[in-house]
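Worksheet: one structure, shown below.
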Amino acid sequence: MLEETRTPVIWTANSLEGFGAAVLRRMTCCVEVRVPPPAERARLWREAAVAEGVAAAPETFARLAGWLPASPGVARTAMRAARLAGGAAETVEWAVTGMARAMAGGRLPLPQTVLEGYEPALVNADRDLGTLAERLALPGATRAVSLLLSGPPGSGKSAYARYLADRMGLPVLQKRASDLLSMWVGGTEALIAAAFAEARDSSAFLVFDEADSLLGDRQHAAHGWEVSEVNEMLTWMESHPLPFCCTTNLVERLDPAAMRRFLVKARFGYLTATQAALAFRRCFAAEPPEEIALLETLTPSDFTIVQRQASLEGYEGDASWLLMRLRAEQDAKPGLRQVRIGFSR
(Lines give C-alpha, C1' and ligand atoms only; values in the text may rest on other atoms or scores of the structure.)
Protein backbone atom coordinates (compact mmCIF):
# COMPACT_ATOMS: atom_id res chain seq x y z
CA MET A 1 0.00 0.00 0.00
CA LEU A 2 2.80 2.43 0.86
CA GLU A 3 4.48 1.87 -2.50
CA GLU A 4 1.41 1.92 -4.76
CA THR A 5 -1.26 4.15 -3.21
CA ARG A 6 -2.15 7.31 -5.14
CA THR A 7 -3.85 8.94 -2.17
CA PRO A 8 -1.68 11.28 -0.07
CA VAL A 9 -1.46 9.99 3.48
CA ILE A 10 0.06 11.59 6.59
CA TRP A 11 1.04 9.20 9.35
CA THR A 12 1.63 10.43 12.89
CA ALA A 13 3.30 8.59 15.76
CA ASN A 14 4.64 9.37 19.22
CA SER A 15 7.54 6.94 18.77
CA LEU A 16 9.35 5.22 15.91
CA GLU A 17 10.30 2.20 17.99
CA GLY A 18 7.39 0.12 16.68
CA PHE A 19 8.22 0.70 13.01
CA GLY A 20 10.40 -1.66 11.05
CA ALA A 21 13.07 -0.45 8.64
CA ALA A 22 11.08 -1.80 5.69
CA VAL A 23 8.18 0.50 6.59
CA LEU A 24 10.26 3.60 7.27
CA ARG A 25 12.23 3.43 4.03
CA ARG A 26 8.96 3.47 2.06
CA MET A 27 7.85 6.77 3.54
CA THR A 28 8.28 9.67 1.15
CA CYS A 29 9.37 11.98 3.96
CA CYS A 30 9.95 11.63 7.70
CA VAL A 31 9.65 14.76 9.86
CA GLU A 32 10.41 14.94 13.58
CA VAL A 33 8.36 17.56 15.43
CA ARG A 34 10.19 18.58 18.60
CA VAL A 35 9.03 20.40 21.70
CA PRO A 36 9.41 24.17 21.10
CA PRO A 37 12.25 26.12 22.78
CA PRO A 38 11.55 27.95 26.09
CA ALA A 39 10.62 31.33 24.60
CA GLU A 40 8.12 29.72 22.24
CA ARG A 41 6.78 27.52 25.04
CA ALA A 42 6.12 30.62 27.17
CA ARG A 43 4.07 32.07 24.30
CA LEU A 44 2.10 28.81 24.05
CA TRP A 45 1.34 28.94 27.78
CA ARG A 46 0.05 32.51 27.43
CA GLU A 47 -2.18 31.57 24.50
CA ALA A 48 -3.51 28.51 26.33
CA ALA A 49 -4.29 30.63 29.41
CA VAL A 50 -6.20 33.19 27.34
CA ALA A 51 -8.14 30.43 25.56
CA GLU A 52 -9.14 28.83 28.86
CA GLY A 53 -9.80 32.10 30.70
CA VAL A 54 -7.02 31.59 33.25
CA ALA A 55 -5.38 34.69 34.75
CA ALA A 56 -1.66 34.64 35.63
CA ALA A 57 1.21 37.13 35.72
CA PRO A 58 3.48 37.28 32.63
CA GLU A 59 6.52 35.97 34.56
CA THR A 60 4.50 32.90 35.52
CA PHE A 61 4.51 31.66 31.93
CA ALA A 62 8.30 31.84 31.63
CA ARG A 63 8.55 29.78 34.82
CA LEU A 64 6.00 27.27 33.54
CA ALA A 65 7.91 26.91 30.29
CA GLY A 66 10.98 25.95 32.29
CA TRP A 67 9.15 23.49 34.52
CA LEU A 68 7.37 21.61 31.75
CA PRO A 69 8.82 21.18 28.21
CA ALA A 70 5.31 21.04 26.81
CA SER A 71 3.77 20.67 23.41
CA PRO A 72 0.77 22.92 22.60
CA GLY A 73 -1.67 20.13 23.47
CA VAL A 74 -0.12 19.57 26.89
CA ALA A 75 -0.18 23.29 27.65
CA ARG A 76 -3.85 23.51 26.76
CA THR A 77 -4.69 20.46 28.91
CA ALA A 78 -2.86 21.88 31.93
CA MET A 79 -4.65 25.23 31.60
CA ARG A 80 -7.99 23.45 31.28
CA ALA A 81 -7.29 21.64 34.55
CA ALA A 82 -6.38 24.96 36.17
CA ARG A 83 -9.65 26.51 34.97
CA LEU A 84 -11.73 23.62 36.30
CA ALA A 85 -9.94 23.88 39.67
CA GLY A 86 -10.51 27.61 40.09
CA GLY A 87 -8.20 29.39 37.68
CA ALA A 88 -6.06 31.27 40.21
CA ALA A 89 -2.30 31.66 39.76
CA GLU A 90 -1.50 29.15 42.52
CA THR A 91 -3.91 26.68 40.87
CA VAL A 92 -1.98 27.00 37.62
CA GLU A 93 1.25 26.11 39.43
CA TRP A 94 -0.47 23.13 41.07
CA ALA A 95 -1.86 21.79 37.80
CA VAL A 96 1.42 22.20 35.91
CA THR A 97 3.52 20.62 38.68
CA GLY A 98 1.25 17.59 38.77
CA MET A 99 1.41 17.14 35.02
CA ALA A 100 5.19 17.60 34.95
CA ARG A 101 5.61 14.95 37.63
CA ALA A 102 3.31 12.51 35.81
CA MET A 103 5.05 12.96 32.45
CA ALA A 104 8.47 12.42 34.09
CA GLY A 105 7.49 9.08 35.57
CA GLY A 106 6.78 10.30 39.09
CA ARG A 107 9.62 12.77 39.62
CA LEU A 108 9.79 16.43 38.77
CA PRO A 109 11.98 17.22 35.75
CA LEU A 110 14.94 19.56 36.16
CA PRO A 111 13.65 23.11 35.72
CA GLN A 112 15.57 25.37 33.38
CA THR A 113 17.42 27.73 35.70
CA VAL A 114 17.08 31.42 34.97
CA LEU A 115 20.30 33.42 35.16
CA GLU A 116 19.95 35.78 38.10
CA GLY A 117 22.59 37.89 39.78
CA TYR A 118 25.66 36.10 38.47
CA GLU A 119 28.82 37.69 39.89
CA PRO A 120 31.99 37.11 37.81
CA ALA A 121 34.02 38.71 40.60
CA LEU A 122 33.08 35.82 42.90
CA VAL A 123 34.55 33.13 40.67
CA ASN A 124 37.99 31.85 41.62
CA ALA A 125 39.26 29.85 38.62
CA ASP A 126 42.68 28.98 37.26
CA ARG A 127 42.06 30.91 34.05
CA ASP A 128 40.47 34.20 33.02
CA LEU A 129 36.88 33.15 32.37
CA GLY A 130 35.70 36.75 32.03
CA THR A 131 37.95 37.37 29.04
CA LEU A 132 36.88 34.03 27.57
CA ALA A 133 33.23 35.07 27.77
CA GLU A 134 34.02 38.40 26.13
CA ARG A 135 35.79 36.72 23.20
CA LEU A 136 33.09 34.09 22.66
CA ALA A 137 30.42 36.82 22.69
CA LEU A 138 32.03 38.66 19.77
CA PRO A 139 30.26 38.52 16.38
CA GLY A 140 31.68 35.73 14.29
CA ALA A 141 33.28 33.95 17.26
CA THR A 142 33.49 30.18 17.01
CA ARG A 143 30.58 28.12 18.28
CA ALA A 144 32.45 24.81 18.27
CA VAL A 145 33.80 25.17 21.80
CA SER A 146 33.81 22.55 24.55
CA LEU A 147 34.39 23.30 28.22
CA LEU A 148 35.22 21.19 31.25
CA LEU A 149 34.49 22.99 34.51
CA SER A 150 35.67 21.18 37.62
CA GLY A 151 35.88 22.07 41.27
CA PRO A 152 34.08 21.77 44.61
CA PRO A 153 30.28 21.91 44.85
CA GLY A 154 28.84 25.42 44.93
CA SER A 155 31.87 27.10 43.39
CA GLY A 156 29.89 28.46 40.42
CA LYS A 157 30.50 25.96 37.61
CA SER A 158 26.92 25.62 36.35
CA ALA A 159 26.28 29.33 36.94
CA TYR A 160 29.22 30.23 34.72
CA ALA A 161 27.96 27.90 31.98
CA ARG A 162 24.60 29.69 32.01
CA TYR A 163 26.34 33.08 32.10
CA LEU A 164 28.44 32.13 29.08
CA ALA A 165 25.39 30.89 27.18
CA ASP A 166 23.63 34.19 27.94
CA ARG A 167 26.62 36.18 26.66
CA MET A 168 26.63 34.08 23.48
CA GLY A 169 22.89 34.61 23.00
CA LEU A 170 22.06 30.90 23.23
CA PRO A 171 19.38 29.06 25.20
CA VAL A 172 20.59 26.46 27.70
CA LEU A 173 19.81 22.76 27.40
CA GLN A 174 20.78 21.22 30.75
CA LYS A 175 21.06 17.47 31.31
CA ARG A 176 21.77 15.61 34.53
CA ALA A 177 23.23 12.13 34.59
CA SER A 178 19.87 10.88 35.88
CA ASP A 179 18.22 12.25 32.73
CA LEU A 180 20.47 10.12 30.53
CA LEU A 181 21.23 6.90 32.41
CA SER A 182 18.86 4.12 31.35
CA MET A 183 18.20 0.67 32.80
CA TRP A 184 18.05 -0.82 29.30
CA VAL A 185 21.07 -1.91 27.29
CA GLY A 186 21.70 0.76 24.66
CA GLY A 187 19.21 3.13 26.26
CA THR A 188 21.81 5.49 27.69
CA GLU A 189 23.62 5.73 24.36
CA ALA A 190 20.33 6.62 22.64
CA LEU A 191 19.56 9.32 25.21
CA ILE A 192 23.07 10.79 24.85
CA ALA A 193 22.67 10.96 21.08
CA ALA A 194 19.23 12.52 21.49
CA ALA A 195 20.62 15.21 23.83
CA PHE A 196 23.25 16.28 21.30
CA ALA A 197 20.66 16.18 18.49
CA GLU A 198 18.22 18.31 20.50
CA ALA A 199 20.94 20.87 21.21
CA ARG A 200 21.90 20.98 17.56
CA ASP A 201 18.31 21.32 16.30
CA SER A 202 17.44 24.07 18.79
CA SER A 203 20.84 25.84 18.58
CA ALA A 204 21.24 25.48 22.34
CA PHE A 205 24.21 25.55 24.69
CA LEU A 206 24.34 21.98 26.03
CA VAL A 207 25.33 21.51 29.68
CA PHE A 208 26.04 18.12 31.25
CA ASP A 209 26.02 18.13 35.05
CA GLU A 210 27.67 15.27 36.95
CA ALA A 211 29.75 14.47 33.87
CA ASP A 212 31.89 11.97 35.76
CA SER A 213 28.90 9.60 35.61
CA LEU A 214 28.99 9.73 31.80
CA LEU A 215 32.74 9.98 31.14
CA GLY A 216 34.23 7.68 33.78
CA ASP A 217 37.65 6.15 33.16
CA ARG A 218 37.09 3.05 31.00
CA GLN A 219 40.05 1.29 32.64
CA HIS A 220 37.91 0.91 35.75
CA ALA A 221 34.80 -0.29 33.89
CA ALA A 222 33.35 -3.57 35.12
CA HIS A 223 30.76 -3.99 32.34
CA GLY A 224 30.79 -3.60 28.57
CA TRP A 225 27.92 -1.12 28.61
CA GLU A 226 29.99 1.25 30.77
CA VAL A 227 32.57 1.40 27.99
CA SER A 228 30.00 1.86 25.24
CA GLU A 229 28.37 4.77 27.08
CA VAL A 230 31.69 6.60 27.32
CA ASN A 231 32.40 5.81 23.66
CA GLU A 232 29.06 7.33 22.68
CA MET A 233 29.84 10.53 24.56
CA LEU A 234 33.32 10.75 23.04
CA THR A 235 31.96 10.30 19.51
CA TRP A 236 29.45 13.11 19.84
CA MET A 237 31.91 15.40 21.64
CA GLU A 238 34.25 15.11 18.67
CA SER A 239 31.69 16.21 16.08
CA HIS A 240 29.24 18.52 17.89
CA PRO A 241 29.23 21.91 16.09
CA LEU A 242 27.85 23.98 18.98
CA PRO A 243 29.14 24.87 22.45
CA PHE A 244 28.74 22.35 25.23
CA CYS A 245 29.98 22.18 28.79
CA CYS A 246 30.59 19.38 31.28
CA THR A 247 30.73 20.07 35.00
CA THR A 248 32.10 17.72 37.64
CA ASN A 249 33.24 17.65 41.23
CA LEU A 250 35.42 14.60 40.54
CA VAL A 251 37.66 15.46 37.60
CA GLU A 252 40.17 12.76 38.56
CA ARG A 253 37.59 10.11 37.60
CA LEU A 254 37.25 11.21 33.97
CA ASP A 255 38.56 9.11 31.10
CA PRO A 256 41.86 10.47 29.67
CA ALA A 257 40.39 10.42 26.16
CA ALA A 258 37.62 12.74 27.34
CA MET A 259 40.09 15.19 28.85
CA ARG A 260 41.87 15.81 25.55
CA ARG A 261 38.57 16.51 23.77
CA PHE A 262 37.83 19.62 25.83
CA LEU A 263 39.03 22.85 24.26
CA VAL A 264 38.79 24.75 27.55
CA LYS A 265 39.52 23.20 30.94
CA ALA A 266 39.01 25.36 34.02
CA ARG A 267 39.42 24.44 37.65
CA PHE A 268 37.21 26.32 40.13
CA GLY A 269 38.43 26.85 43.68
CA TYR A 270 37.23 28.26 46.97
CA LEU A 271 36.84 31.99 47.42
CA THR A 272 39.92 33.99 48.27
CA ALA A 273 39.87 36.15 51.39
CA THR A 274 39.19 39.22 49.23
CA GLN A 275 36.35 37.48 47.39
CA ALA A 276 34.83 36.21 50.64
CA ALA A 277 34.78 39.76 52.00
CA LEU A 278 33.19 40.99 48.78
CA ALA A 279 30.56 38.24 48.92
CA PHE A 280 29.77 39.21 52.53
CA ARG A 281 29.19 42.84 51.54
CA ARG A 282 27.04 41.98 48.51
CA CYS A 283 24.94 39.27 50.16
CA PHE A 284 24.46 40.83 53.59
CA ALA A 285 24.96 44.56 52.90
CA ALA A 286 27.35 44.78 55.85
CA GLU A 287 31.05 45.01 56.51
CA PRO A 288 32.60 41.58 57.08
CA PRO A 289 34.35 40.74 60.34
CA GLU A 290 38.13 40.33 60.08
CA GLU A 291 37.76 36.68 61.03
CA ILE A 292 36.22 35.88 57.65
CA ALA A 293 39.77 35.70 56.26
CA LEU A 294 40.25 32.55 58.34
CA LEU A 295 37.48 30.71 56.45
CA GLU A 296 39.39 29.28 53.51
CA THR A 297 36.88 26.85 51.98
CA LEU A 298 33.85 29.04 51.31
CA THR A 299 31.96 29.07 48.01
CA PRO A 300 29.37 31.50 46.61
CA SER A 301 26.60 29.01 47.39
CA ASP A 302 27.55 29.10 51.10
CA PHE A 303 26.69 32.80 51.18
CA THR A 304 23.41 32.18 49.38
CA ILE A 305 22.42 29.51 51.91
CA VAL A 306 23.35 31.67 54.91
CA GLN A 307 21.49 34.61 53.38
CA ARG A 308 18.34 32.48 53.27
CA GLN A 309 18.95 31.23 56.82
CA ALA A 310 19.32 34.79 58.08
CA SER A 311 16.11 35.84 56.37
CA LEU A 312 14.28 32.87 57.87
CA GLU A 313 15.55 33.41 61.43
CA GLY A 314 15.72 37.22 61.46
CA TYR A 315 19.49 37.73 61.69
CA GLU A 316 20.04 39.71 58.47
CA GLY A 317 22.10 42.49 60.12
CA ASP A 318 23.97 40.44 62.72
CA ALA A 319 27.54 40.11 61.39
CA SER A 320 28.61 37.80 64.22
CA TRP A 321 25.72 35.42 63.61
CA LEU A 322 26.35 35.45 59.85
CA LEU A 323 30.03 34.63 60.41
CA MET A 324 29.05 31.77 62.74
CA ARG A 325 26.73 30.29 60.11
CA LEU A 326 29.37 30.62 57.40
CA ARG A 327 31.82 28.77 59.65
CA ALA A 328 29.20 26.07 60.19
CA GLU A 329 28.69 25.68 56.44
CA GLN A 330 32.44 25.32 55.98
CA ASP A 331 32.78 22.78 58.78
CA ALA A 332 29.92 20.71 57.34
CA LYS A 333 31.93 19.92 54.22
CA PRO A 334 33.31 16.38 54.49
CA GLY A 335 37.09 16.04 54.66
CA LEU A 336 37.78 19.78 54.71
CA ARG A 337 38.09 20.60 58.39
CA GLN A 338 41.58 21.88 59.08
CA VAL A 339 43.58 22.10 62.30
CA ARG A 340 45.60 25.29 62.41
CA ILE A 341 49.08 25.35 63.91
CA GLY A 342 50.80 28.58 64.92
CA PHE A 343 49.52 32.12 64.65
CA SER A 344 47.12 33.63 62.10
CA ARG A 345 45.17 36.81 61.69
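The values are calculated or read from the model by the stated rules, or taken from the named source; none is laboratory data. Owing to the predicted nature of the structure, the values given are computational and were not obtained by experimental measurement. Virtual Cβ from ideal backbone geometry, glycine too; neighbours counted across all protein chains shown.
Are any of the residues in the range 143-159 among the charged types (D, E, K, R) and either surrounded by fewer than 18 Cβ atoms within 10 Å (Cβ to Cβ) or under 12 Å from the mean Cα position of the chain (by Cα) (or both)?
Taking the range 143-159 and keeping what is among the charged types (D, E, K, R), we get 143, 157.
Adding the requirement that they be either surrounded by fewer than 18 Cβ atoms within 10 Å (Cβ to Cβ) or under 12 Å from the mean Cα position of the chain (by Cα) (or both) leaves 143, 157.
For the range 143-159, residues among the charged types (D, E, K, R) and either surrounded by fewer than 18 Cβ atoms within 10 Å (Cβ to Cβ) or under 12 Å from the mean Cα position of the chain (by Cα) (or both): present.
For Phe244, are the conditions met, namely being at pLDDT 95 or above and either closer than 30 Å to Ala194 by Cα or among the basic types (Lys, Arg) (or both)? Answer is yes for this residue. Scanning the range 153-200 for residues that are over 25 Å from Ala276 (Cα atoms), in a helix (DSSP H, G or I) and not aliphatic (A, V, I, L, M) returns Asp166, Arg167, Ser178, Asp179, Gly187, Thr188, Glu189, Phe196, Glu198, Arg200. Taking residues in the range 218-233 that are at pLDDT 85 or above, and partners anywhere that are outside any helix (DSSP H, G or I), the pairs with Cβ atoms closer than 7 Å and at least 6 places apart or on different chains are Arg218/Asp255; Val227/Ala221; Glu229/Leu214; Val230/Leu215; Val230/Gly216; Val230/Asp255; Met233/Leu214; Met233/Leu215. Looking across the range 180-229 at every residue that is β-branched (Val, Ile, Thr) and surrounded by fewer than 21 Cβ atoms within 10 Å (Cβ to Cβ), the one that is farthest from Leu149 (Cα to Cα) is identified as Val185.
Check Thr247, Thr235 and return the single one that is of a type in the set (Val, Ile, Thr), assigned by TED's automatic domain parsing to the domain that holds Leu147 and out of contact with any strand residue (DSSP E or B) (no Cβ under 8 Å at 6 or more places or on another chain).
After applying the criteria, what remains is Thr235.
What's the number of the condition Ser239 fails, among (1) of a type in the set (S, T, N, Q); (2) surrounded by fewer than 15 Cβ atoms within 10 Å (Cβ to Cβ); (3) touching a Leu at 6+ places or on another chain (Cβ under 8 Å)? The single condition Ser239 does not satisfy is (3).
Among residues of the range 139-166 that are among the acidic types (Asp, Glu), those with a beta-carbon under 6 Å from a residue that is surrounded by fewer than 22 Cβ atoms within 10 Å (Cβ to Cβ) at least six positions away or on a different chain give the pairs Asp166/Leu115.
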